[in-house]
């Protein structure tokens, strides 16, 4: 659909953008029609983020042109883009954490005035209406700091809807949403499309592209690899266009594992603060034990308890036959546990710190045993890890915040490779990561296990759990309900997560 004059809502032609010697975009063209969901795909670093920043006025292109409804647009700024009806929902919510939901919406939606009385009741009523429209059952008076990541994401969506955007850019909007919340979002997107809104949809989850999008444009190395109708396209075809090669195995093959020694033993672990109750399981040396369950099942809480962030009230945990103290993360690291948290940008990396410093955080006493900082040795160490993990960075001095999501995740993994833990806990290790980087991370995790490290892998991506796990532990309501064999079916895992059926024997 186009406007009455036959113009697309948004059109970019031959857009080029460089940062120093790095050319992020090379002659990219893209258009968005009214009443269309146009997906934008590509590996991390392919140029997607740069392109949407050009669309929103955050970056000015070096060459090329942009038009809205057939009218050329030059010198676009974020504020002007907002006034022209362009809104973007980024993967990381940009909200004021110490203000309420209603106050955040008011700041984004109300025009600034020098002096005015605040209509608190009106703010609250509008917030209630917008939250209801996006299916968010939230209290408008709740402070953003108290909200989970999925709830913050829904507030961002409500804000864009409230702004009356006609061009809506959604950057990984479901990365932190439950399946039920995803379905509500899909209904909202379809409703907006029926109202003539054009949606640019970015996601690494290909099933979402096939569920929502009308067309898809693939970027690769800063260039367009083509625009295609989604109907008739296959996942394999999209993946090949994204990575420029055939991807036949997203998951490395399992190797036959003899019944090895027990590395980690957890007995009747309980933590009232985390809602964990009487959890018992074992992880073998060199085993990948996947943890499945619905959001809120207690998987992340279990990881935080084992890492000493929320110490348990009762239970016994042994690692390599030695009973552990779980009083703090420092103690956990000293006793041989590594933990890659779900939110890598807040807890996995220090974004303003150089890669070399990020990679050696867990081994500072070993890297700097005396009073002197051996920065040369730290740099050499980081260069080796960057090469081994194929991290796309211009050197160890680059900050963590300058990297794509997949490369940030590799840096966080590199930290634990350096520390050589006995047990590595991974919470959503490939969330928001493109298909190419996902395969590389899977390979790294499998190599760690093959080297004798025990791995606990938490994931909401069911194919990932099924493809990577030697056994699958299923949690529900703060309890571990069953442990399934690695070759379990998706139906068995979901039945256990929903509380249906009996236990399946370990295998």
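The values are calculated or read from the model by the stated rules, or taken from the named source; none is laboratory data. All of these numbers come straight from a predicted model, not from anything done at the bench. Virtual Cβ from ideal backbone geometry, glycine too; neighbours counted across all protein chains shown.
Here is a yes/no grid of residues against (1) surrounded by fewer than 19 Cβ atoms within 10 Å (Cβ to Cβ); (2) not in a strand (DSSP E or B):
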position	(1), (2)
279	no, no
286	no, yes
302	no, yes
308	no, yes
311	yes, yes
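For the criterion of being in contact with a strand residue (DSSP E or B) (Cβ under 6 Å, 6 or more places away or on another chain) and either at positive phi or at pLDDT 90 or above (or both), residue 27 passes. Checking the range 124-136 against the condition returns no match, with no residue being farther than 24 Å from residue 191 by Cα and exposed (fewer than 13 other Cβ atoms within 10 Å of the Cβ).
Inspection of the range 153-168 identifies no residue that is more than 23 Å from residue 103 (Cβ to Cβ) and within 15 Å of the chain's Cα centre (by Cα).
Of the residues in the range 138-154, how many are at pLDDT below 80 and assigned to a helix (DSSP H, G or I)? Reasoning before the result, please.
Within the range 138-154, the first condition is being at pLDDT below 80, and the residues that meet it are 148-150, 153.
Applying the additional criterion that residues be assigned to a helix (DSSP H, G or I) yields 149-150, 153.
Number of matching residues: 3.
Filtering the range 198-228 to residues that are modelled with pLDDT under 90 and assigned to a strand (DSSP E or B) leaves only 220. In the range 381-393, of all residues being free of Cβ contacts under 8 Å to residues at least 40 places away in the same chain and in a loop (DSSP other than H, G, I, E, B), the one that is farthest from the chain's Cα centre (by Cα) corresponds to 393.
Limited to the range 60-80, what total is found for residues that are in a loop (DSSP other than H, G, I, E, B) and over 25 Å from residue 161 (Cβ atoms)?
First, the residues of the range 60-80 that are in a loop (DSSP other than H, G, I, E, B): 60-62, 69-70, 74-77.
Of the ones still in play, those that are also over 25 Å from residue 161 (Cβ atoms) are 60-62, 70, 74-75.
The number of residues fulfilling the criteria is 6.
The selection criterion, being surrounded by 21 or more Cβ atoms within 10 Å (Cβ to Cβ) and part of a helix (DSSP H, G or I), does not hold for residue 455. Out of 232, 135, one residue alone is in contact with a helix residue (DSSP H, G or I) (Cβ under 8 Å, 6 or more places away or on another chain) and not in a helix (DSSP H, G or I). It is 135. The set of residues from the range 404-446 being without any contact (Cβ under 8 Å) to a residue 40 or more places away in the chain and surrounded by fewer than 24 Cβ atoms within 10 Å (Cβ to Cβ) comprises 417, 420, 441. Residue 87 meets each of the listed conditions (1) touching a helix residue (DSSP H, G or I) at 6+ places or on another chain (Cβ under 7 Å); (2) within 26 Å of residue 8 (Cα to Cα); (3) assigned to a loop (DSSP other than H, G, I, E, B) apart from (3). Evaluate the range 115-129: report whether one residue or more is closer than 24 Å to residue 35 by Cβ and not in a helix (DSSP H, G or I). Looking for residues that are closer than 24 Å to residue 35 by Cβ and not in a helix (DSSP H, G or I), one finds none in the range 115-129, hence no.
Selection over the range 81-103 of residues that are farther than 16 Å from residue 161 by Cα and exposed (fewer than 13 other Cβ atoms within 10 Å of the Cβ) gives a count of 2.
Filtering the range 394-430 to residues that are part of a loop (DSSP other than H, G, I, E, B), touching a helix residue (DSSP H, G or I) at 6+ places or on another chain (Cβ under 6 Å) and under 17 Å from residue 361 (Cβ atoms) leaves 396, 398. Output yes when any residue across the range 296-303 is modelled with pLDDT under 90, out of contact with any helix residue (DSSP H, G or I) (no Cβ under 9 Å at 6 or more places or on another chain), more than 18 Å from residue 417 (Cα to Cα) and in the same structural domain as residue 443 (by TED's automatic domain parsing), and no when none is. The answer is yes, given that some residue of the range 296-303 is modelled with pLDDT under 90, out of contact with any helix residue (DSSP H, G or I) (no Cβ under 9 Å at 6 or more places or on another chain), more than 18 Å from residue 417 (Cα to Cα) and in the same structural domain as residue 443 (by TED's automatic domain parsing).
Here's the yes/no breakdown for (1) buried (at least 17 other Cβ atoms within 10 Å of the Cβ); (2) touching a residue at least 40 places away in the same chain (Cβ under 8 Å):
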residue	(1), (2)
194	no, yes
197	yes, yes
210	no, no
232	no, no
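Of the residues making up the range 153-177, those that are more than 17 Å from residue 201 (Cα to Cα) and surrounded by fewer than 22 Cβ atoms within 10 Å (Cβ to Cβ) are 162, 163, 164. Do we have residue 77 as more than 30 Å from residue 439 (Cα to Cα) and touching a helix residue (DSSP H, G or I) at 6+ places or on another chain (Cβ under 8 Å) here? Against the criterion (more than 30 Å from residue 439 (Cα to Cα) and touching a helix residue (DSSP H, G or I) at 6+ places or on another chain (Cβ under 8 Å)), residue 77 does not qualify. Just to be sure before I move on: is residue 68 touching a residue at least 24 places away in the same chain (Cβ under 8 Å) and surrounded by 13 or more Cβ atoms within 10 Å (Cβ to Cβ) in the structure I sent? Judged against the criteria, residue 68 is a match. When you look at residue 97, is it without any contact (Cβ under 8 Å) to a residue 12 or more places away in the chain and either assigned to a loop (DSSP other than H, G, I, E, B) or at positive phi (or both), yes or no? Criteria not met by residue 97. Considering the range 21-43, the residues that are part of a loop (DSSP other than H, G, I, E, B) and farther than 17 Å from residue 169 by Cα include one that is nearest to the chain's Cα centre (by Cα), namely 43.
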